[in-house]
Amino acid sequence: MANKKLLVEGNDDKHVMLALCEKFDIPENFEIIDCQGISNILERFPIDFKTSGTKTVGVIVDADTDIRARWASLKTKLESAGFAVPDNLPESGLIAENHSGQKAGVWIMPNNEMDGMLEDFMSFLVPHDDNLMPIVGSTLDDIELKRLNKYKNSDRSKANIHTWLAWQDAPGTPLGLSITKRYLTTEEEICEKLTDWLKNCSSDLQ
Amino acid sequence: MLTSLHIKNYRNLKDFTLDSLDQVNLITGKNNTGKSSLLEAVAIYASKGNISLLAELLKNHGEYFREQSDDAGQMANLNLNALSSLFTGRVTGFDVSSGIFIGEAGKGISHEKYEKPNFVELRFVKYDEKSQQDTANTSIVKQRFIIDTIDENDFDEYRTGFYIRWPEGNQLIRLERNIFFPRPLVKPVNSANLEFIHTAYIDRESNGALFDNITLTDKERFVIEALKIIEPKTERIAFIGKGSRERSAVIKLSDNEGVLPLKSMGDGINRILTLILALVNSENGFLLIDEFENGLHYTVQKQLWEIVFSLAKQLNIQVFATTHSEDCISGFEQALNENKEAIKGKLIRLDNVKGVITQTNFSPRELKIANEQNIELR
């Protein structure tokens, strides 16, 4: 059984992380678990620290509409598992150790600072010289103005990135593959921050 | 009921504490993490150090020798060697600190000789024997004295004994004679109602006698209900055959005129009979089950746990069981969280961290989340 786990909210998150690991040669010495939602992650990760031989549990969650509240609920649970954690989430993501020699990692999408989700992080990776994204934006503005959109306002960033992906060489490419197929760039600073956090999270304690 | 447990120097439990225990305690962990040792320690506590139980444990460990010796010193060594296997690292110290102590945690272990102990103590001692004629010159009274401080030079002058102490009394067993063969010579003391189901018990020799204890009582109904988990057509059972040790169970099914040997019906129903007979015979006491899942298909484990919970409540029994099986933990979790009698139960996982046994406890709620999200707790 894997003694290092990375808990993520959904299938897209899992495949994005797998694609990044492959791209950046991060050893896949941890199990990435699709927990199907934030509430499952919040319920289970204190228990994951109690399973036999568990060394590391990392979590990647969406900030959604209130990053401070999300961090606060994670912080309380980490403290009860014996981790000393700062009041504010570091912008490079959290890595903490407890007295039992276990490691905890927290990354809140998109960048540990803003409200948002995985899809916002993915939009940061659209190449700067891309000419389609402005048109995607104005198209969404337009249908929203005419009240034709069926997505909720809070899901706009999902509509945004998936529309953009629908206009690429292979329409319908899922998020993970869009990295592998290089539709998205991985040279952005935010991507480097996330992969540094992943490496740090998966490395063995000294 | 034990509310906590402190064990010292018993096999691989050198100094081990369980801060809290519930009515039903399921223990899991890899091999060599002390699961069986924990059950055995509870058995020793509940039986007040009963020598027959110790002999049974030594037999199970393959530490029981039938060798005989006419030489008292050699016999003492044979006994010492067998009994030493119960002690952490087979240490045979003759001082109090090398002794096995089993009791509730947090109550402190007092070594005062005459104070009433709240634990069971087992240890080797050196003792001296003095013969005295009584005043009427009619008989000789032998008095034995445990020597607590031994000068190394005098070591061989004293005899070797095994000292057992429990809350209501104590016993000094002389090791110069065969204490186990052909059966323990020392009369067992009264012990609590205790049934210990070992790993290998699919069928158990004592089942016939256990059935006799409860036949024609309400408890017989519990037995039939339990057997229906596996064979819904079960109507009655009986033990037939000659001699108390050779009797075997037969079963009457509703769609069959005759009776069938229970042995012909597979391991599952036989294991359930063994478990349920042990259960209904441990009223106000303890039931210990090593490897709950043995012989049982995973689909019946939840139902069996439901019966265990219900009877533990009705008959006031504290249950300790061990398991290696995720299905067993899952069945335990569902029966625990659904039980209407509000019985308290928990899972305790033992780990061997560089020779030190550690414990992790899981509440019913944690078990439910782990079960729903497929988190392996073994």
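Answer with yes or no whether A:ASP196 is closer than 23 Å to A:LEU20 by Cβ, open to solvent by less than 40 Å² (accessible area, probe 1.4 Å) and out of contact with any helix residue (DSSP H, G or I) (no Cβ under 6 Å at 6 or more places or on another chain).
Here the answer is no, as A:ASP196 does not meet what is asked.
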(message) Need the failing condition index for B:LYS302 against (1) out of contact with any helix residue (DSSP H, G or I) (no Cβ under 6 Å at 6 or more places or on another chain); (2) among the basic types (Lys, Arg); (3) away from chain A (no Cβ under 14 Å), just the number.
(response) (1)
(request) Please work out which residue is farthest from A:LYS5 (Cα to Cα), limiting yourself to region A:21-33 and to residues that are in contact with a helix residue (DSSP H, G or I) (Cβ under 6 Å, 6 or more places away or on another chain) and of a type in the set (A, V, I, L, M, F, W, C). (result) A:PHE24
(request) Filter region A:18-49 down to the residues that are facing another protein chain (nearest Cβ under 9 Å) and buried (at least 18 other Cβ atoms within 10 Å of the Cβ), then identify the one that is nearest to A:GLU189 (Cα to Cα). (result) A:ILE33
(request) Inspect all residues belonging to region A:69-89 and state whether any of them is assigned to a loop (DSSP other than H, G, I, E, B), free of Cβ contacts under 8 Å to residues at least 24 places away in the same chain, more than 14 Å from chain B (Cβ to nearest Cβ) and within 13 Å of A:LEU198 (Cα to Cα). (result) no
(request) List the number of the failed condition for A:LYS5; all other conditions in (1) touching an Asp or Glu at 6+ places or on another chain (Cβ under 6 Å); (2) within 13 Å of chain B (Cβ to nearest Cβ); (3) over 22 Å from A:SER100 (Cα atoms) hold. (result) (3)
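Residues are listed down the side, and each one gets a yes or a no for (1) more than 14 Å from chain A (Cβ to nearest Cβ); (2) part of a helix (DSSP H, G or I):
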residue	(1), (2)
B:LYS14	yes, no
B:THR17	yes, no
B:SER20	yes, no
B:THR33	no, no
B:LEU39	yes, yes
B:LEU57	yes, yes
(request) Hey, can you tell me all the residues within region A:63-102 that are open to solvent by less than 40 Å² (accessible area, probe 1.4 Å) and among the β-branched types (Val, Ile, Thr)? (result) A:ILE67, A:VAL85
(request) Kindly provide the set of residues from region B:237-260 that are part of a strand (DSSP E or B) and open to solvent by 70 Å² or more (accessible area, probe 1.4 Å), ordered by number. (result) B:ILE240, B:VAL259
(message) Restricting to region A:143-184, name every residue that is open to solvent by 30 Å² or more (accessible area, probe 1.4 Å) and among the hydroxyl-bearing types (Ser, Thr, Tyr).
(response) A:TYR151, A:SER154, A:THR163, A:THR180, A:TYR183
(message) B:ASP71 - would you say it is charged (D, E, K, R) and either open to solvent by 40 Å² or more (accessible area, probe 1.4 Å) or within 14 Å of chain A (Cβ to nearest Cβ) (or both)?
(response) yes
(request) May I ask you to say which residue of A:GLY137, A:GLY105 is in contact with a strand residue (DSSP E or B) (Cβ under 8 Å, 6 or more places away or on another chain) and surrounded by 13 or more Cβ atoms within 10 Å (Cβ to Cβ)? (result) A:GLY105
(message) B:LEU367 - would you say it is buried (at least 23 other Cβ atoms within 10 Å of the Cβ), more than 10 Å from chain A (Cβ to nearest Cβ), among the aliphatic types (A, V, I, L, M) and under 24 Å from A:ASN40 (Cβ atoms)?
(response) no
(message) Could you check region A:1-31 and list, in sequence order, the residues that are over 11 Å from the mean Cα position of the chain (by Cα) and closer than 15 Å to B:GLU376 by Cα?
(response) A:MET1, A:ALA2, A:ASN3, A:LYS4, A:LYS5, A:GLU31
(request) Report those helices (runs of 4 or more DSSP H) wholly inside region A:115-179 carrying at least 1 residues which are closer than 22 Å to A:VAL8 by Cα and out of contact with any Cys (no Cβ under 8 Å at 6 or more places or on another chain). (result) A:118-124, A:156-166
(request) Any chance you could count how many residues in region B:309-335 are under 25 Å from B:ASN31 (Cα atoms), more than 17 Å from the chain's Cα centre (by Cα) and crowded, with 22+ Cβ neighbours inside 10 Å? (result) 5
(message) Take B:LEU350 and tell me if it is within 17 Å of A:GLY53 (Cβ to Cβ) and within 14 Å of another protein chain (Cβ to nearest Cβ).
(response) yes
(request) Might you let me know whether region B:219-231 holds any residue that is touching a Leu at 6+ places or on another chain (Cβ under 8 Å) and open to solvent by 50 Å² or more (accessible area, probe 1.4 Å)? (result) no
(request) Within region B:271-294, identify whether any single residue is aliphatic (A, V, I, L, M) and in a loop (DSSP other than H, G, I, E, B), and answer yes or no. (result) no
(message) If I filter region B:353-364 down to residues being open to solvent by 20 Å² or more (accessible area, probe 1.4 Å) and within 20 Å of B:GLY331 (Cα to Cα), which single residue comes out as farthest from the other protein chains (Cβ to nearest Cβ)?
(response) B:PRO364
(request) Would you be able to tell me the number of residues in region A:49-65 that are in a loop (DSSP other than H, G, I, E, B) and of a type in the set (A, V, I, L, M, F, W, C)? (result) 2
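The values are calculated or read from the model by the stated rules, or taken from the named source; none is laboratory data. On a predicted model such as this, the values are computed, not experimentally measured, just so you know. All Cβ positions, glycine included, derive from the backbone under ideal geometry; neighbour counts span all protein chains shown. To get the accessible areas, we keep the full protein, side chains included, count just its heavy atoms, and leave off ligands, DNA and RNA. Shrake-Rupley method; radii C 1.70, N 1.55, O 1.52, S 1.80 Å.
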